[in-house]
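Have a look at the structure below before the remarks.
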Amino acid sequence: MREAYLIVWCAAALSLGVWAADAAEIPPVPAGVGGFFLAALSLGLRALGRKRAAWVCCLLFACAAGMARMGIADTAWRAQSLRLAGASGTFSAVISGEALCVSGPEGYVRYPAEASSVRYGDGAVYPVRGALYVYVPWSGEEPLAPDTAVSVTGTLSPFRFYKNPGKMDLEHRYRSRRLIGRIYAEAPGAVEAAGPAGEFPLEALAARVRGSVRASFAPYVDGARLSVLMTLLFGGHYDELPEGVLEGFTATGIVHILSVSGSHMALLFGFLCLLGRWLRLPERAVLPLAALAMLAYAALAGFVPPVVRAAVMGVLAVAALFFHRDREAGIALGTAAGAMLLWDPYYLFDVSFQLSVGASAGIVLLYRPLLRALRRLPLPEWARQGTAMALAAQLLTMPVVLWDFHRLPLYFLPANLFVTPLLEGSIIAGLAAAFFAPVFTPLAGGLLQGADYALWGALRLNGWLASLPHASLPAGGMAAAETALYYGAIILALTRGWWGAPPRRRALAAGALAALLGGCGLSYARRPEAEVFVPDLGTSRAAVLSAGGRTVVYYRDGGLPLDMGERELRSVLEYRGIFAPDVLIGDFTACPGETAFTLALPVKEIWLSSASAAKAASVLAAHPESAVRVTDGGRMALSGGLSAATDGRSWYFAWGECAWFIDGGSPLRDVRPAAHRVWIGGAEPFRPAVNHDTMEWFLPEAAVYAGGRGAQSGEDRDWFLLSRIPLGDPSLDGMVTVLRRDGAWEMEKYSPSGMTEDFFSLK
């Protein structure tokens, strides 16, 4: 290992320390003390000439530094006004960023705001530490600008984070922004503006510049494509995009271009270098000006993780050119990632940071090997380079993409080869037009019209690719063993010892690959015979049963006007690789009117009670191809040995000697429970769910309580604890999975560290 690349390994060790401190809640003081001694030991070993030992201690120091930095960040987070959740009063705050506007019948505008104090109804005023979101009804008027002081009357509601796997981590993102809650204003008059506060002048200036650029572009760009061009130039604002654009870019795998990243910085740098040559400026004058322009551009785009990473890497690349060391891209990436984590360790959990750093690392590590391999194919050089670049950016981020989005774009190569150049041409023309608009309007207008034509072609071509059959491959998330095998294979492919001459290193690499393959094979061999998982859906309830090669989805709508249960359920299903359930059982009796639930996945059969069928028009309209069965009682059989029984409220499923009972408030007396049983249910707001008659009839060996936190929930949970029946609660433990394997029940409770509890064995 070259000593110059030590900073890259230190960045990786720093990331490991941040992750470990978050998972294990390591205090900052012990980590800091340990890091101090490791740093001293590393310096001592370096002075004694023990270079390799000094490197190891340096890496351990970086890991300890990551733990200490994460501990400091958590301490600072706990110092925010977290106990104000549920408080009602008038909050004094300053708008800290640009508003998010959502039009429609239920339109609203969301302001990010930095709170300073709260005044209660009795006149008492208390300081507030933290940021918050303010939601206000919106009917199209101009929203308030950043840096505006406001007074907001309302109740501070806490954020509700659903603890399910396979989704973006919003909790750490909100901690990074110090968000303590949100206020829903009932009317626009609940928010009173008091003029500029002078606390966020850069944000206000950036908003004014973006508004001025948009106004100067409007006469030359089609209105529907203007929002796309502005998003391409400055990132974000996905809510302003025309319908279908974001989905199309996601389907073809080029959605990253809608966020300011390294490609934007490279285009800006290239434009400035050409401009400098045109003006005949010396290189040593152009490079510092380019670095300042990148920082200014990052400020206009907002300092979100990919923008910060791209700006830092861009400045480091300019510095490398300035000092004639332009081949150290890996060092620049390691420096940028390490600096970002030291600034804000919560970046590690942000999907935009993960994708940005992962794609950049893939290009640094894999671009040249892939390009050498592609030179064997009869392709033009531009096609080889574009294909190698697209593959390199995708390979390292594939597990992250599958974890968060559960699908792989199949047409990302043609999209990157043909659509991306058109979009990059629009970006170059847009940047040039923004520069020339104040001084030479005709040239800016011509550039913008060219950008508009290029953008039209890109959108049409990308829309056609996205509409092709199987544009995105439903794949689900990768298991831990599969992820280890995937990255292990990439590491071994890049290791010289695997291809080189020394037999010992080659044998070691072969042994590592065999161990990874063995672990993946063992994971596949120990797959459960049958399982049921209950995700955390808030007021709604769901259970997904897989047995005998069949999948049954039970969903009970919570009846709220705004219910996030469907979004969470679909995300979990896709993460688990379930894209076409066999049966959907809907319970919509709690809905005051027609349910909004649809479950936008293909379903073979839909089972409803007569009471639920009267409120299921949206579900039936979304699945015209599905067979529908309305029943208030009876027995059903599916292939694979799985059978079901119901009285219209409760459901009993049996497969061999295993049974699962979804308690709807009534036992099924005419059913004889199987030998090994799992109970699933939960309390209603004013009615207990644990009925002694039901329990005497069913007598479960394990239970999942999914009823929320109502008045009866504590007593219901206590019943299982006192009866020594193993219990999982999604509202407390996250998604709970009860699976049958090797003649034993096992329970998995989701947590970021992936903890598994094997709680019960049957001899």
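Over the chain, dividing the summed -39,500 (n - 2.57) contributions of all DSSP H runs of at least 4 residues by the number of residues returns a 222 nm mean residue ellipticity of -15000 deg cm²/dmol.
Mind checking the per residue accessible area of region 8-139 for me, 1.4 Å probe, whole number of Å²?
Numbers: 6850 Å² over 132 residues.
Dividing the accessible area of region 8-139 by its residue count gives 52 Å².
Highest mean first, the peptides 738-749, 594-605, 648-659 sorted by other C-beta atoms within 10 Å per residue fall in the order 648-659, 738-749, 594-605. Among DSSP beta bridges whose residues both lie in the chain, state the antiparallel percentage, nearest 5. Taking every DSSP beta bridge with both residues in the chain, the antiparallel ones total about 70 percent. For the chain, take the longest principal axis of its alpha carbons; what is the angle in degrees between that and the long axis of helix 565-575, to the nearest 10 within 0 to 90? Helix 565-575 sits roughly 70 degrees off the main axis of the chain.
Shown for the chain: the carbon plus sulfur share of the solvent-accessible area, taken with all protein chains present and a 1.4 angstrom probe, equals 62%. Measuring nothing but how far apart in sequence close Cα pairs (under 8 Å, 6+ apart) lie, relative to its length, the chain scores a relative contact order of 9 percent.
Name the shape class, rounded, prolate or oblate, that the alpha-carbon gyration tensor gives for region 366-490, where a ≥ b ≥ c are the square roots of its eigenvalues, rounded holds for a/c under 1.5, and otherwise prolate holds if a/b is larger than b/c and oblate otherwise.
Details: a/c = 2.32, a/b = 1.90, b/c = 1.22.
Here region 366-490 falls in the prolate category.
Subtracting the Cα-Cα distance of Leu16 and Arg526 from 0.36 nm times their residue separation leaves 180.7 nm of extension gain. The packing ranking of peptides 155-166, 417-428, highest mean first, is 417-428, 155-166, where packing means the average number of other beta carbon atoms within 10 angstrom of each residue.
Rolling a 1.4 Å probe over the heavy atoms of the protein chains gives region 144-258 an accessible area of 46 Å² per residue.
Exactly which trypsin sites (Lys or Arg not before Pro) in region 3-88 are in a DSSP loop and have at most 16 other Cβ atoms within 10 Å?
Details: sites: Arg46, Arg50, Lys51, Arg52, Arg69, Arg78, Arg83; in loops: Arg50.
Qualifying residues, ordered by number: Arg50.
If you take the Cα centroid of region 551-569 and the Cα centroid of region 257-299, the two points sit 49 Å apart. When a/c reaches 1.5 or more, the comparison of a/b and b/c decides; with that in mind, is region 297-444 rounded, prolate or oblate per its Cα gyration tensor? Here region 297-444 falls in the rounded category.
About its Cα centre, the chain has a charge dipole of approximately 3260 debye under the convention of +1 per Lys or Arg Cβ and -1 per Asp or Glu Cβ, with nothing else charged. For region 70-139, the square roots of the Cα gyration tensor eigenvalues, ordered a ≥ b ≥ c, give a/c of at least 1.5 with a/b no greater than b/c, which places it in the oblate category. With the dipole of region 578-722 worked out from charges on the C-beta (+1 for Lys and Arg, -1 for Asp and Glu) around the Cα centre, which of Val619, Ser609, Tyr652 lies farthest toward the positive end? So the residue furthest toward the plus end is Val619. Here the 3J(HN,Hα) profile of region 110-124, calculated from phi with Karplus coefficients 6.51, -1.76 and 1.60 at θ = phi - 60°, is 10, 10, x, 9, 9, 7, 10, 7, 9, 10, 7, x, 7, x, 6 Hz, Gly and Pro shown as x. Within the same chain, aspartates and glutamates fewer than 8 places from Lys749 are excluded, and of the rest, those with a Cα less than 14 Å from its Cα are Glu531, Asp536, Asp729, Asp733, Glu757, Asp758. Shape summary of the chain, radius of gyration then Dmax from alpha carbon positions: 28.7, 91 Å.
Modelled spin-label separation between Ala79 and Ala383, with each label point placed 7 Å from Cα along the Cα-to-Cβ direction: 6.0 nm.
The values are calculated or read from the model by the stated rules, or taken from the named source; none is laboratory data. Note that the structure is a prediction, hence the values are computed from the model and not measured. Heads up, the Cβs are rebuilt from the backbone with ideal geometry, glycines too, and the neighbour counts pull from every protein chain shown. The area values use the complete protein model at the heavy-atom level, side chains included, leaving out ligands, DNA and RNA. Shrake-Rupley method; radii C 1.70, N 1.55, O 1.52, S 1.80 Å.
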